[in-house]
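K.L.:
Here you go, one structure.
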Amino acid sequence: MASKIHTQFSRSFKIVSVLLCYFIFAGFSVSGAEDSAVKGKVAPLKGEINTSLNEFGISLSEDGNTLYYYSKRKNSNYSDLFKSVKTKDGWSSGVEVSELNSQFDDQSPFIIENEKAIIFSSNRDGSIEFKLSSGKIGVSRDLYFSTLKDGSWDKATRLPQEVNTPAIEENPFLTGSYLFFTRYPFGKVAESDIYISEYKDGSWGKAIRMESPINTEHAEIAATLSRDSKYLYFSSNRPGGYGGLDIYKVEIKEDGTFSPAVNLGPVINSPGDEAFYVETPDGKNAYFCRLIKEGGNYDIYEFSVNEWEELKKNKKISLESIHFRTGSFEIEEESFEILDRLVVFLNENPSIKLKITGHTDLHGDPNDNLELSRSRAGAVKDYLVKKGISKGRFSTDGKGSKEPIYPEKNQETDRKNRRTEFQILE
């Protein structure tokens, strides 16, 4: 089972080599509620995904179109896994993942790639049992793995004892050959820490508790990795935050050490609790879970950056989030929202003129790509003009596949190479 994770579903991230260095170093410092200058807006996720009950423990598919999470619904004694899909109007109402759910608690899903496999936490039959101080038998919550074959989930298999123990294991996050997860003693969630296990030579290594600045004497849960593998996010109730659980990040340095932990600041963190910071495929926006007040329920929120303020500051930005139909210069409807924000920005800054440049991936004939990129830049200009912006404020160009960010062809690099650049003309 572990070999399936390693051979079929692992992704190559820089963190694999970085974390090898991590365990050599010690004695990191931890900062308090230092504001990381996160700028943008936060709002509940659009659509029907949030309810009056909990939506918690989120995981986003690699393409950004499917969200998995868990919830305890009305008339249910146990938590179950749910999924929601992205639509033009937001996120659909959650649907129970009935093939994976049991008659016990099923929680903390981590979806691998685009639903090829899943890791989740459960105290179902087969989980590790132990004797409580009262003499009664307790059941731990362990991490389980399942693959999706021909549209159906296989029977879930428990990960080995190098990962699972009589303690509670939850909040898995797999990257490359490393598995992050949360562990705490049964009934003592305040003692939560983040652990990591490496898959090597056909088996999982014994999980290791991560040191400072990740873990402290306070609770730390729900580690996730940024899309570019440069930052590790997690949630903690350490002193100096804005509420209960706050989301922090550490930078993963080239020498294998971590920067001090930095609080993401009051845009993300509130007087309540926040956890599970999951970046969208472009790495600019993110989803996370928020509990506004004690005794309430978690909902899923979206953090979105103001791309156009970044443009004003840096004079040039490159966006992968403007999408076109395959082989066409017709703009996908999902891109209208970001272009409408550009319209607002241009109306607020009437002296700004823009150069719009299109880029394609490396597939196809270079001459065709050049023409397509020029047409796509023109289509963006036409959209803005139709919204009332003077055509005299724009020039357009296309580079085709001549200026890739990455010189190779794969799903990830193709997505980054297909982009639209905006440059302020002085």
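K.L.:
Can you give the relative contact order of the chain as a percent, counting alpha carbon pairs under 8 Å and 6+ residues apart?
P.N.:
Once normalised by length, the contact order is 14 percent.
K.L.:
DSSP beta bridges in the chain, what fraction antiparallel, as a percent rounded to 5?
P.N.:
Once the DSSP bridges in the chain are tallied, antiparallel ones form about 90 percent.
K.L.:
Which Cα, out of 379, 401, 425, lies furthest along the positive dipole direction of segment 372-426 (beta carbon charges, K/R +1, D/E -1)?
P.N.:
Most positive-ward Cα: 379.
K.L.:
Go from 0 up to the bin containing the longest alpha carbon distance in segment 148-254, width 5 Å each, and give me the % of pairs per bin.
P.N.:
The distribution over segment 148-254 is 2, 11, 20, 22, 19, 13, 7, 4, 1, 0, given as percents.
K.L.:
Also, I was wondering about something else. GNM on the chain, C-alpha springs below 10 Å: top fluctuator among 107, 161, 411?
P.N.:
Maximum among the listed residues: 411.
K.L.:
Taking the Cα centre of segment 163-217 as origin and charging only Cβ (+1 Lys, Arg; -1 Asp, Glu), how large is the dipole, in debye to the nearest 20?
P.N.:
That gives a dipole near 100 debye.
K.L.:
Then there is this: Kindly provide the Kirkwood hydrodynamic radius of segment 346-385 in Å, to one decimal, from all pairs of distinct alpha carbon atoms.
P.N.:
11.5
K.L.:
Related question: Along segment 356-363, what does the Karplus equation 6.51 cos²θ - 1.76 cosθ + 1.60 (θ = phi - 60°) give for ³J(HN,Hα), rounded to whole Hz, x for Gly and Pro?
P.N.:
Per-residue couplings from phi come out as 10, 10, x, 9, 10, 7, 8, 7 Hz.
K.L.:
Let me ask another. If you roll a 1.4 Å probe over the heavy atoms of the protein chains, what accessible area per residue do you get for the chain, in Å²?
P.N.:
46
K.L.:
Here's another thing I want to ask about it. With springs only between Cα atoms under 10 Å apart, run a GNM on the chain and tell me which of 222, 207, 379 wobbles the most.
P.N.:
379
K.L.:
Now a separate question. Just to be sure I understand: with springs between alpha-carbon atoms less than 10 Å apart, which residue in 150, 273, 201 has the highest mean-square fluctuation in the Gaussian network model of the chain?
P.N.:
150
K.L.:
Specify the angular offset, from 0 to 90 degrees and rounded to the nearest 10, of the alpha carbon long axis of helix 366-386 from the longest principal axis of the alpha carbons in the chain.
P.N.:
The answer is roughly 80 degrees.
K.L.:
Convex hull volume of the Cα atoms in the chain, per residue, in Å³?
P.N.:
163
K.L.:
Any chance you could give the angle, 0 to 90 degrees and rounded to 10, that helix 336-348 forms with the longest Cα principal axis of the chain?
P.N.:
60
K.L.:
Something else about it: About its Cα centre, what dipole magnitude does segment 292-357 give when the only charges are +1 on Lys and Arg Cβ and -1 on Asp and Glu Cβ, stated in debye to the nearest 20?
P.N.:
About 600 debye.
K.L.:
OK, next. Out of every Cα pair in segment 185-316, what percent are spaced more than 24 Å from each other?
P.N.:
The proportion of pairs with Cα distances above 24 Å equals 36 percent.
K.L.:
Please compute one quarter of the surface area of the Cα convex hull for segment 226-301 and express it in square nanometres.
P.N.:
5.2
K.L.:
Once fully extended, how much extra length lies between residue 344 and residue 293, figured as 0.36 nm per residue of separation less the alpha-carbon to alpha-carbon distance?
P.N.:
Extending this stretch completely gives an extra 14.9 nm.
K.L.:
Test of the criteria: in segment 292-366, which GluC sites (Glu not before Pro) are in a DSSP loop and have at most 10 other Cβ atoms within 10 angstrom of their Cβ?
P.N.:
Those satisfying the criteria are 294.
K.L.:
Another one. Need the C-alpha centroid separation for segment 171-215 versus segment 288-326, integer Å.
P.N.:
About 28 Å separates the Cα centre of segment 171-215 from the one of segment 288-326.
K.L.:
How much length would be gained if the chain were fully extended between residue 365 and residue 382, taking 0.36 nm per residue of separation minus their Cα-Cα distance, in nm to one decimal?
P.N.:
That pair, residue 365 and residue 382, stretches by 3.6 nm at full extension.
K.L.:
Shifting gears a bit: Counting only Cα atoms, I'd like the Rg/Rh figure for segment 76-220, Kirkwood definition for Rh.
P.N.:
My calculation puts Rg/Rh at 0.98.
K.L.:
Find out how many positive minus negative residues lie around residue 330, taking Lys and Arg as positive, Asp and Glu as negative, among other residues whose Cβ is under 12 Å from that of residue 330.
P.N.:
Once positives and negatives cancel, what remains is -1.
K.L.:
Collect residues whose amide H, placed 1.01 Å from N in the peptide plane, falls under 5 Å from the amide H of residue 231; neighbours closer than 5 in sequence don't count.
P.N.:
226, 252
K.L.:
Determine the calculated [θ] at 222 nm for the chain from helices alone, applying -39500 (n - 2.57) to every DSSP H run no shorter than 4 residues and normalising by the residue count; nearest 500 deg cm²/dmol.
P.N.:
That calculation yields -4000 deg cm²/dmol at 222 nm.
K.L.:
Further question on the same structure: Leaving out ligands, DNA and RNA, and with a 1.4 Å probe, what % of the accessible surface on the chain is carbon or sulfur?
P.N.:
Carbon-and-sulfur percentage of accessible area, whole number: 48.
K.L.:
When you count, for each residue, the other Cβ atoms within 10 Å and take the mean per peptide, how do 368-376, 168-176 rank with the highest first?
P.N.:
168-176, 368-376
K.L.:
Cα-based Rg (one decimal) and Dmax (whole number) for segment 52-158, in Å?
P.N.:
Expressed in Å, the Cα Rg and Dmax of segment 52-158 come to 14.9, 54.
K.L.:
So how strong a dipole does the chain carry about its Cα centre when Lys and Arg Cβ are +1 and Asp and Glu Cβ are -1, to the nearest 20 debye?
P.N.:
The dipole of the chain has a size of about 640 debye.
K.L.:
Trypsin sites (Lys or Arg not before Pro) within segment 328-357: which are DSSP loop residues with at most 11 other Cβ atoms inside 10 Å?
P.N.:
none
K.L.:
I need the calculated FRET efficiency for the pair residue 228 and residue 137, taking r as the beta carbon distance and R₀ as 45 Å, to the nearest 0.05.
P.N.:
So, using R0 = 45 Å, E works out to roughly 0.50.
K.L.:
Tally Lys and Arg at +1 and Asp and Glu at -1 over the other residues with C-beta under 9 Å from the C-beta of residue 107: what net charge comes out?
P.N.:
Residues close to residue 107 contribute a combined charge of -3.
K.L.:
Here's a follow-up. Name the long-range amide H neighbours of residue 115: under 5 Å, sequence gap of 5 or more, or other chain; modelled H, no Pro or chain starts.
P.N.:
Amide H neighbours of residue 115, under 5 Å, 5+ apart: 62.
K.L.:
Would you kindly derive the ³J(HN,Hα) couplings of segment 214-220 from the backbone phi angles with the Karplus curve 6.51 cos²θ - 1.76 cosθ + 1.60 (θ = phi - 60°), listing them in order in whole Hz, with x for Gly and Pro?
P.N.:
In residue order, the calculated couplings are 6, 9, 10, 6, 9, 7, 10 Hz.
K.L.:
Highest mean first, what order results for 77-83, 242-248 on Cβ atoms within 10 Å?
P.N.:
The peptides rank, most packed first, as 242-248, 77-83.
K.L.:
Would segment 315-424 count as rounded, prolate or oblate if I go by the C-alpha gyration tensor, calling it rounded below 1.5 in a/c and otherwise prolate when a/b exceeds b/c, oblate otherwise?
P.N.:
Because a/c hits 1.5 or more and a/b exceeds b/c, segment 315-424 counts as prolate.
The values are calculated or read from the model by the stated rules, or taken from the named source; none is laboratory data. Not measured: the values here are computed from a predicted model. Every residue, glycine as well, gets a Cβ built from its backbone with ideal geometry; the counts of neighbours run over all protein chains shown. For the accessible areas, the whole protein counts, side chains as well, though only heavy atoms, and no ligand, DNA or RNA atoms are used. Shrake-Rupley method; radii C 1.70, N 1.55, O 1.52, S 1.80 Å.
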